[in-house]
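Structure first, commentary second.
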Number of protein chains: 2
Amino acid sequence: MRVNDVSTPAVVVDLDVVERNLDRMATYCAAHGLGLRPHTKTHKMLEVARMQLERGALGLTVAKVGEAEVMARTGTCQILVAHPILGEEKVRRLASVAADVDVLVALDSLEAAEGLASVAQRTGCTFGVLVEFDSGSHRCGVKAGEECAELGKAISAFKCVQVRGLMTYFGSVWGDDQQRSEEIAGLSANVERAIDAFRRAGLSTAIVSGGSTPAALMSHMIPGITEIRPGTYVFNDLNTFYQGLCTLDDCAVRVMTTVVSTCVPGQVIVDAGSKVFSSDLLSAGPKRGYGRIMEIEGAALLKLNEEHGFVEADDYGAFSVGQTLSVIPNHVCTCMNMHDEVYLSRRGEIIGTWNVAARGKVR
Amino acid sequence: MRVNDVSTPAVVVDLDVVERNLDRMATYCAAHGLGLRPHTKTHKMLEVARMQLERGALGLTVAKVGEAEVMARTGTCQILVAHPILGEEKVRRLASVAADVDVLVALDSLEAAEGLASVAQRTGCTFGVLVEFDSGSHRCGVKAGEECAELGKAISAFKCVQVRGLMTYFGSVWGDDQQRSEEIAGLSANVERAIDAFRRAGLSTAIVSGGSTPAALMSHMIPGITEIRPGTYVFNDLNTFYQGLCTLDDCAVRVMTTVVSTCVPGQVIVDAGSKVFSSDLLSAGPKRGYGRIMEIEGAALLKLNEEHGFVEADDYGAFSVGQTLSVIPNHVCTCMNMHDEVYLSRRGEIIGTWNVAARGKVR
């Protein structure tokens, strides 16, 4: 079956492009002596995680305990939960994962560390902890500096919880050369402050984990970073394209959709809406529309209902009911999260399907 | 277990509120002699569909063949697929459903009808067809008038496909009294045109199906409508609240979330982001934010990352790491679609869980 013949709506993943994207990041990390701990939130698939591990990833990153439970099945020796885990039910499940896999948790509060320690002592496991600090993205994380060391020392007093280093989220580093070099300088200063404080306090800096696809290929310019956690790079999407990080040919995912109605003048309706693409807007570039339609120049997917996509175009004569269109989604992570299964392709031919095994693991 | 004690993030459905919402719509329809064919896209759960059928629903509405396959398990005698189904693989699956259940499909093109007829003749089933017309929402549908009859007559020439009536989508009818009465007048005129044309052509008007929760309780003011297809009314959400259609107490769904970080000044981070709420914005009211936090006056969920919710507030002293918050989502249909399972509650007590059985049935 050719890609254009799949039953729609469907996500098709081009494995040649995936392999190229994985190889590129693995090569970059190897060249700069950086560890690669890919964030699996983008693909949520065991098969892709295994491809990452085969290419030298030192472990996997997840956001949820349920994702850790799934990703433990890859046989990886180490999983980082890059999100504070609060709540005993979740920590108990994480302790079960820790029976087989080295589990690290990033956190920025004593409360989160206490919760881990309490369960760890009762179950006899050990959790590794990375203290999360804010390097400039202003999401989670203690202030870069003495606060890191204070939290690290306080956590060190707990049993069954081991401070193994630091973690930060880089966020979006892009723009023109000057903007990027200013952002890198700001990140570097904060990373240095956090590391210095940890070292002065005698805390481990064995792991200093940086993150995000937008900043990934600039990570070697930030002194002290030992590893990175990019996610989106595996597939890329319209956001990474408009951020100048990839070409359209580097985008591995196409949403296949069918024209289902051409009745209302000035628009065409396709069978994929927000329950197929997600409602995420573009974070870069034109900041309008929900994806790039590849077949028809000037056509734009400007509005989504749950099950209807509204296409506007220069020439509506180019569309007919039943026609298949392929679309690069704005944000591939949230798009993948809508699908229990995806098709796989090579050179335009469908060669199989994979389950999105960690989809829907909201906790 | 109390609602506040669930492991987060989680969706909790208050069954007392659901029953009240279902009763209200059933009573309205009975009082006005209207059929009720609820759209299951909101809840996607077999148990809720059965509650709707027990209260007199004459059948169920779905958007996807995969949803029809799931909802056939309720034992309903009739399912309407309110979306044009293009593509042989999907039509073949729908023919299997039609072996056990009376299947109606809404469509607005001869191509869609041809696809149904072709498979129906080969498999020996019959599909009912409703011709979709545009009553003013400008999504799908032929023009209200002669075009309805032309398409209906052309479809009547096919074997194994039976034209059973008309369908239209009302969309959002709300605003002040004058705006509503103008919209109702416009809808009524279009419905009348479509029915007249069908009758003159000798086509069946046994079913004239109208839709949408916002317009539901005004359906009796639109002459000729035989049934309605509201979806959201089962749960309600922040959109229906701001549309003036319900109180906050009529909102049956709460997203339970935990405060996980208070480090960065001027914000609080919770463990629910766009992969829990969806990214859908408000369609009415203040049109900012991603849900209403019920515990803390003046707190607003202003930004979502995939796994992080950003809360802004007047008083950050009201928040602490580990605290549970409950949130009414903007759009409950897309929120439910993120979850494989929901908790059920009555009077603040968790009494069970249900699977979201039709979640992720994208085709």
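The rows are residues; the columns are (1) of a type in the set (G, A, S); (2) within 12 Å of chain A (Cβ to nearest Cβ); (3) free of Cβ contacts under 8 Å to residues at least 40 places away in the same chain; (4) touching a Pro at 6+ places or on another chain (Cβ under 6 Å).
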residue: B:F235; (1), (2), (3), (4): no, no, no, no
residue: B:Y242; (1), (2), (3), (4): no, no, no, no
residue: B:R254; (1), (2), (3), (4): no, no, no, no
residue: B:T262; (1), (2), (3), (4): no, yes, no, no
residue: B:A272; (1), (2), (3), (4): yes, yes, no, yes
residue: B:R288; (1), (2), (3), (4): no, no, yes, no
residue: B:L301; (1), (2), (3), (4): no, no, yes, no
residue: B:E306; (1), (2), (3), (4): no, yes, yes, no
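If you filter the range B:76-94 down to residues that are surrounded by fewer than 21 Cβ atoms within 10 Å (Cβ to Cβ) and not in a loop (DSSP other than H, G, I, E, B), you find that the one that is nearest to the other protein chains (Cβ to nearest Cβ) is B:E89.
The sole residue among B:R139, B:R199 that is in contact with a His (Cβ under 7 Å, 6 or more places away or on another chain) and outside any strand (DSSP E or B) is B:R139.
Within the bounds of the range A:175-195, is there any residue that is within 14 Å of another protein chain (Cβ to nearest Cβ), polar (S, T, N, Q) and in contact with a His (Cβ under 7 Å, 6 or more places away or on another chain)? Lay out the reasoning, then the answer.
Filtering the range A:175-195 down to residues within 14 Å of another protein chain (Cβ to nearest Cβ) leaves A:190, A:194.
Then keep just the ones that are polar (S, T, N, Q); that gives A:190.
After this cut, where a residue has to be in contact with a His (Cβ under 7 Å, 6 or more places away or on another chain) as well, the list is none.
Scanning the range A:175-195 turns up no residue that is within 14 Å of another protein chain (Cβ to nearest Cβ), polar (S, T, N, Q) and in contact with a His (Cβ under 7 Å, 6 or more places away or on another chain).
Of the residues screened, A:G317 is not one that is more than 14 Å from chain B (Cβ to nearest Cβ), on the phi > 0 side of the Ramachandran plot and either surrounded by 22 or more Cβ atoms within 10 Å (Cβ to Cβ) or not hydroxyl-bearing (S, T, Y) (or both). What is the one condition in (1) closer than 28 Å to B:N337 by Cβ; (2) touching a strand residue (DSSP E or B) at 6+ places or on another chain (Cβ under 7 Å) that B:F198 does not satisfy? Here B:F198 clears every test but (1).
Part of a strand (DSSP E or B) and within 30 Å of A:S320 (Cβ to Cβ): is that true of B:V103 in this structure?
Details: part of a strand (DSSP E or B): yes; within 30 Å of A:S320 (Cβ to Cβ): yes.
The answer is yes for B:V103.
Please pick out the residue among A:T168, A:T213 that is touching a residue at least 12 places away in the same chain (Cβ under 8 Å) and either charged (D, E, K, R) or over 30 Å from A:L15 (Cβ atoms) (or both). Let's see the steps before the verdict.
On the way: A:T213 fails: either charged (D, E, K, R) or over 30 Å from A:L15 (Cβ atoms) (or both).
Testing whether each residue is touching a residue at least 12 places away in the same chain (Cβ under 8 Å) and either charged (D, E, K, R) or over 30 Å from A:L15 (Cβ atoms) (or both) leaves just A:T168.
Restricting attention to the range B:19-45, the residues being in contact with a strand residue (DSSP E or B) (Cβ under 9 Å, 6 or more places away or on another chain) and either surrounded by fewer than 21 Cβ atoms within 10 Å (Cβ to Cβ) or part of a helix (DSSP H, G or I) (or both) number 7.
B:E295 falls short on exactly one of the conditions (1) without any contact (Cβ under 8 Å) to a residue 12 or more places away in the chain; (2) surrounded by fewer than 18 Cβ atoms within 10 Å (Cβ to Cβ), and that condition is (1).
In the range A:276-312, the residue that is nearest to B:D280 (Cα to Cα) out of those that are in contact with a helix residue (DSSP H, G or I) (Cβ under 7 Å, 6 or more places away or on another chain) and charged (D, E, K, R) is A:D280. A:R180 fulfils the conditions (1) loosely packed, with under 15 Cβ neighbours inside 10 Å; (2) among the charged types (D, E, K, R); (3) modelled with pLDDT under 95 except for a single criterion, (1). State whether one or more residues within the range B:56-65 are surrounded by fewer than 17 Cβ atoms within 10 Å (Cβ to Cβ), part of a helix (DSSP H, G or I) and either assigned by TED's automatic domain parsing to the domain that holds B:V255 or modelled with pLDDT of 95 or more (or both). No, the conditions are met nowhere in the range B:56-65. Across the range A:106-129, the qualifying residues are those that are within 11 Å of chain B (Cβ to nearest Cβ) and in a loop (DSSP other than H, G, I, E, B), and the one among them that is nearest to A:G231 (Cα to Cα) is A:D108.
The rows are residues; the columns are (1) more than 30 Å from B:H43 (Cβ to Cβ); (2) among the hydrophobic types (A, V, I, L, M, F, W, C); (3) at pLDDT below 95.
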site: A:S219; (1), (2), (3): yes, no, yes
site: A:G244; (1), (2), (3): yes, no, yes
site: A:A252; (1), (2), (3): yes, yes, no
site: A:T258; (1), (2), (3): no, no, no
site: A:S261; (1), (2), (3): no, no, no
site: A:V264; (1), (2), (3): no, yes, no
site: A:S279; (1), (2), (3): no, no, no
site: A:I293; (1), (2), (3): yes, yes, no
site: A:K303; (1), (2), (3): no, no, no
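The values are calculated or read from the model by the stated rules, or taken from the named source; none is laboratory data. What you see is a predicted model; the values in this text were computed from it and never measured. Positions of Cβ are generated from backbone atoms using ideal geometry, with glycine treated the same way; all protein chains shown enter the neighbour counts.
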